[in-house]
1. Among K20/K71; K10/K90; K19/K80; K70/K90, which pairs are too far apart, with a Cα-Cα distance over 20 Å?
2. For an R0 of 30 angstrom, estimate the FRET efficiency from the Cβ-Cβ distance between A17 and R65 and round to the nearest 0.05.
3. Figure the gain on full extension for D32 and N97 (residue separation times 0.36 nm, minus the Cα-Cα span) and round it to one decimal in nm.
4. If you fit an axis through the alpha-carbon atoms of helix 89-109 and take the longest principal axis of the Cα set of the chain, what angle between them do you get, 0 to 90°, nearest 10?
5. Under a plain spin-label model, where a point goes 7 Å from the Cα along Cα-to-Cβ, how far apart in nm are R24 and K90?
6. Per DSSP helix of 4 or more residues, -39500 (n - 2.57); summed, then divided by the residues of the chain. What does that give at 222 nm, rounded to the nearest 500?
7. Among [x] 17.2; [y] 15.8; [z] 14.9, which one is Kirkwood radius over Cα pairs in Å computed from these coordinates?
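What follows is calculated from the coordinates using simple rules that are stated; it is not laboratory data. All values derive from a computational prediction rather than experimental measurement. Backbone-built Cβ (ideal geometry, glycine too); neighbour counts: all protein chains shown.
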Amino acid sequence: MAWECIVPGKEIEDVKADKKGAKRVEQYLVSDNALYFEGKYIPLNLIESVSIHDSTYNPHCCCGRGIPIKKLKIEYGADKPLILMVEKDKNAVKLKNMLCDTRRSEDEEK
């Protein structure tokens, strides 16, 4: 599978090797350099902020009640933020912490 960077011109060097060390949180993968989702990725150094919001998922043919989920809003300098859906509260917090911790450690190295 060819992984596509959502920000053209900001691709990481060796996507295949980087993804091998990634950790899974629900359907998302987080490595030392990128967040992988749906055949795409965003380099972690582009992420400006991450916030968690309560939401509901309303699948088609549903009886009117939505399934409670969490949405991660990831700002990375584009017009529209990246929105990821996470089923469990603890996974939303875990994913946010993974993204923020990696960014913090990069800032400390500078």
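1. K20/K71; K10/K90; K19/K80
2. Approximately 0.10, to the nearest 0.05.
3. Residue separation times 0.36 nm, minus the Cα-Cα distance, leaves 22.1 nm.
4. Value to nearest ten degrees: 20.
5. If labels sit at R24 and K90, their model points lie 1.7 nm apart.
6. For the chain, the value works out to -8000 deg cm²/dmol.
7. [z]
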